[in-house]
Amino acid sequence: MSIKPIPSCRTLVSAVALASLGLAGCATASSEANWLAYDGDKAGSKFSKAPLVTKDSVENMEVVWEWSMPDNQVWKDNPDLITWMNQSTPLAIDGVLYSSSPMSFVSAIDGETGETLWTYDPKAYTLGTPPNLGFISRGLSYWEEGDDKRIIAGTSDGYLIALDAETGKPVKSWGENGRVDLTKGYLRDVDRSLISPTSPPIICGGKVIPSLAVLDSFAIGRAPMKYHPPGDVQAFDVQTGERSWVFRNPPQAGERGNDSWESDAWKRTGGMNVWARPSCDDENGLVFLPVSTPTNDFYGGERPGDGLFGDSLVALDVNTGKVAWHFQITHHGVWDYDPPTAPNLMDLNVDGERIKAVVLPTKQGFLFAFDRLTGEPIWPIEERPVPESDVPGEKLSPTQPFPTKPAAYAQQGVSEDDLIDLTPELKAGAEKILNRYNYGELYTPPSLTKGGTLQVPGVLGGSSWTGAAHNPDTNVMYVNPFKIPFAIRLKKEKLAAYEYTGTWAGVGGPMGLPLLKPPFSSIVAIDMDTGEHLWRIPAGKGPVDHPAIKHLNLDRLGVPRQSHFTLTDEVLFVAPEGTYGMVGLSTRGNALVANASEKEEEPFLYAHDANTGELISEVELPGGVFGAPMSYSVNDKHYVVLPVGGAGQDAKLVAVKVGD
């Protein structure tokens, strides 16, 4: 570990700005200058007040520094260690950035120059490549009390660590010499190679609550297992590292929710983990968990019943770990429609009533909105009939919940009318592709025949882990639906406890273009006080220069993938995700291997008017963006920092200065 002194005092914003905010000096951290949590705050807003960012100042944006992540040489020297795309979003505390990197290194960086101040290597990579997507670390968490300032991080080998924010050294009094073991506390033995904390933990009510990815996919070449890791959620005392409570998922005999299992499958079913980041209401002592799908993802014959708390939003009392309320967004899930992102905590004004709300974006393209104190829906949610399954042994729920408001923001289901039709040749080619699959309305189930079921939205969404942004002053929410249909085909399984398992793959369209009509992705603004959509714009330029359509001189179509975004009072920053290709499996058979493109299709950061969606300006970046951007101010300058590269390319942070 190398250490350079961290400046003890920085001017976060100008003296005039500080005075206007009621702050003095630099001892007080201003949320308008800092980025204190992965999503900007514990409410999932991705928002910064950012008084230095205006529609005028973003006319001038430039890349001012790049910071190379310290583990780049490790994967180059060890080809069996597989890194995914770089999704590491830093924090900004008093002019210092704190960043993780894919292999769980933690670094402090001068926010003005990009100079490394210290780096800590937990050597998590010595365990080998973690499950599902290889090495991913989306970020860190920060905690302080007086002079005690800590960085809390998950490591890819299944630990939480606590570091001194000033020095980067482990806090030896925390847990066992600065770390706690996340494989402890389960009722079953858990193979460390099957779990990995990819999202940063949430610190809520004095507890550290980690998110945990588990191996739950049967599409990556590893034989299905009888027992997968369960979705238990643990909490640890932020000061001592002692375990405070464990939320069992599936619920055990006699616990709330166990009666939703119509057999004893709860004893062996895994998944239902919280891999996305939770949100926290410190004032009311609640933590909100987006809980994923039970194993296996696409067939539930061995687990009859709705199967709580799978595919649910669960509010826990943060002091006890007990369920305050829950809502299952998908009953008996077989579509991998698990909640992919942190729910947004908002204080809404609905028909003159002030409501402390929680709003959950979903892969289905619905927003589920509740009173976060009681779990009561803000607008009615209807149980509507959905298609049945003809797969032997499968018993689906006859209904699924449909919010009546806001309207769905993503395409749901597919028909011939939805196919790309920019030219007659493209429409004809798209029809041939569509006819290879079973297809229909939302919740058309996975199938055994033809090429399987064409699922829209696909397993990536709808909304994906990029989530939603909201302005807490206007209560406008911004979501990013994108159209990647997935083919889900069931196959007879002979190797484990499952009668069938599913294979999945994205389905492209004719001539290398997408299968469905543009826009291929969008940014949608929704007024959450009324539930009404305000506007929709394409997210990015997209393939307008493709040879099959270049002659049409089309305007922006949206990129055929997700985008990453962050919000200020006046400006919405949007960066289309980079491109990559799948190339195989890790040598352990537990992770997909991808290579990021050397030449990116659209490596830009776009600045949009947050009120209208109008594009104001853009700046070209030195590579594809694969993680959430963040922003902060230091010495009268505002910066937007984006994670770039990874997956065979050098992983970097890129800083864009806004204004002169």
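Okay, here's what the table says:
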read-out	value
Of residues in the stretch 431-441 being in a helix (DSSP H, G or I) and under 31 Å from the mean Cα position of the chain (by Cα), the one surrounded by the fewest Cβ atoms within 10 Å (Cβ to Cβ)	ILE433
Test: ARG556 is under 30 Å from PRO380 (Cβ atoms), open to solvent by 50 Å² or more (accessible area, probe 1.4 Å) and of a type outside the set (A, V, I, L, M, F, W, C)	no
Close pairs from the stretch 462-479: first within 14 Å of THR530 (Cα to Cα), partner open to solvent by 10 Å² or more (accessible area, probe 1.4 Å) and among the charged types (D, E, K, R), Cβ under 6 Å, at least 6 apart	ASN475/ASP529; VAL476/ASP527
Hits in the stretch 626-636 (condition: assigned to a strand (DSSP E or B) and either modelled with pLDDT under 95 or more than 15 Å from GLY139 (Cα to Cα) (or both))	TYR632, SER633, VAL634
One residue from LEU163, LEU140, LEU133, LEU187 being at pLDDT below 95 and crowded, with 16+ Cβ neighbours inside 10 Å	LEU133
Search result, residues across the stretch 362-409 that are of a type in the set (S, T, N, Q), surrounded by fewer than 16 Cβ atoms within 10 Å (Cβ to Cβ) and assigned to a loop (DSSP other than H, G, I, E, B)	THR374, THR404
Inter-residue pairs, beta-carbon under 7 Å, first modelled with pLDDT of 95 or more and in the stretch 516-530, second basic (Lys, Arg), 6+ apart	LEU516/LYS483; PHE520/LYS483; SER521/LYS483; SER521/ARG561; SER522/ARG536; VAL524/ARG536
Hey, THR295 open to solvent by less than 10 Å² (accessible area, probe 1.4 Å), out of contact with any Cys (no Cβ under 8 Å at 6 or more places or on another chain) and among the polar types (S, T, N, Q) or not	yes
Criterion violated by ALA539 - all others in (1) open to solvent by 40 Å² or more (accessible area, probe 1.4 Å); (2) without any contact (Cβ under 8 Å) to a residue 60 or more places away in the chain satisfied	(1)
Where a residue in the stretch 108-128 is part of a strand (DSSP E or B) and open to solvent by less than 40 Å² (accessible area, probe 1.4 Å) and its partner, wherever it lies, is modelled with pLDDT of 95 or more and of a type in the set (S, T, N, Q), with Cβ under 7 Å and at least six apart	ILE109/SER99; ILE109/THR116; TRP118/SER107; TRP118/THR167; THR119/SER107
Selected residue (only one of SER312, SER263, SER244 is farther than 19 Å from THR198 by Cβ, surrounded by fewer than 16 Cβ atoms within 10 Å (Cβ to Cβ) and either of a type in the set (Ser, Thr, Tyr) or within 20 Å of the chain's Cα centre (by Cα) (or both))	SER263
Number of positions in the stretch 410-430 that are crowded, with 20+ Cβ neighbours inside 10 Å and β-branched (Val, Ile, Thr)	2
Residue under evaluation THR503, criteria (1) open to solvent by 10 Å² or more (accessible area, probe 1.4 Å); (2) in a loop (DSSP other than H, G, I, E, B), criterion not met	(2)
Single residue of VAL53, VAL63, VAL13 found to be outside any loop (DSSP other than H, G, I, E, B) and either at pLDDT 75 or above or at negative phi (or both)	VAL63
Residue match in the stretch 97-104 (condition: touching a residue at least 24 places away in the same chain (Cβ under 8 Å), of a type outside the set (Phe, Trp, Tyr) and open to solvent by 10 Å² or more (accessible area, probe 1.4 Å))	no
Those residues of the stretch 299-309 which are touching a Ser or Thr at 6+ places or on another chain (Cβ under 7 Å) and in contact (Cβ under 8 Å) with a residue 60 or more places away in the chain, in sequence order	TYR299, PRO304, ASP306
Scope the stretch 190-226; condition modelled with pLDDT of 95 or more, in a loop (DSSP other than H, G, I, E, B) and either more than 24 Å from TRP266 (Cβ to Cβ) or small (Gly, Ala, Ser) (or both); matching residues	SER199, PRO200, PRO201, GLY205, GLY206, SER211
Single unsatisfied condition, GLY462 versus (1) buried (at least 20 other Cβ atoms within 10 Å of the Cβ); (2) more than 22 Å from the chain's Cα centre (by Cα)	(2)
Residue under evaluation PRO70, criteria (1) closer than 13 Å to THR119 by Cα; (2) surrounded by 24 or more Cβ atoms within 10 Å (Cβ to Cβ), criterion not met	(2)
Members of the stretch 606-660 that are among the charged types (D, E, K, R) and either open to solvent by 40 Å² or more (accessible area, probe 1.4 Å) or within 14 Å of GLY114 (Cβ to Cβ) (or both)	GLU614, GLU618, GLU620, ASP636, LYS637, ASP650, LYS652, LYS657, ASP660
Meets criteria (modelled with pLDDT of 95 or more and not acidic (Asp, Glu)) for ALA108	yes
Residues located in the stretch 315-350, provided they are of a type in the set (Gly, Ala, Ser) and either farther than 23 Å from THR503 by Cα or surrounded by fewer than 24 Cβ atoms within 10 Å (Cβ to Cβ) (or both)	ALA315, GLY321, ALA324, ALA342
Selected residue (criterion: nearest to ARG243 (Cα to Cα)) from residues of the stretch 168-184 that are surrounded by fewer than 16 Cβ atoms within 10 Å (Cβ to Cβ) and modelled with pLDDT of 95 or more	ASP181
Within the stretch 69-90, tally of residues that are polar (S, T, N, Q), more than 20 Å from TYR632 (Cβ to Cβ) and at pLDDT 90 or above	2
Top-ranked residue in the stretch 637-660 [being farther than 25 Å from SER199 by Cα and at pLDDT 95 or above; ranked as farthest from the chain's Cα centre (by Cα)]	LYS637
Meets criteria (farther than 22 Å from PRO472 by Cα, without any contact (Cβ under 8 Å) to a residue 12 or more places away in the chain and either in contact with a Leu (Cβ under 9 Å, 6 or more places away or on another chain) or not in a loop (DSSP other than H, G, I, E, B) (or both)) for HIS546	no
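To keep it simple, each residue is scored yes or no on (1) in a strand (DSSP E or B); (2) open to solvent by less than 40 Å² (accessible area, probe 1.4 Å); (3) in contact with a strand residue (DSSP E or B) (Cβ under 6 Å, 6 or more places away or on another chain); (4) not acidic (Asp, Glu).
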residue: THR474; (1), (2), (3), (4): no, no, no, yes
residue: TYR478; (1), (2), (3), (4): yes, yes, yes, yes
residue: ALA487; (1), (2), (3), (4): yes, yes, yes, yes
residue: ALA497; (1), (2), (3), (4): no, no, no, yes
residue: GLY508; (1), (2), (3), (4): no, no, no, yes
residue: PRO514; (1), (2), (3), (4): no, yes, no, yes
residue: SER522; (1), (2), (3), (4): yes, yes, yes, yes
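The values are calculated or read from the model by the stated rules, or taken from the named source; none is laboratory data. Owing to the predicted nature of the structure, the values given are computational and were not obtained by experimental measurement. Ideal geometry is used to build each Cβ from the backbone, glycine not excepted, and the neighbour counts take in all protein chains shown. Note: areas computed on protein heavy atoms with side chains; ligands, DNA, RNA excluded. Shrake-Rupley method; radii C 1.70, N 1.55, O 1.52, S 1.80 Å.
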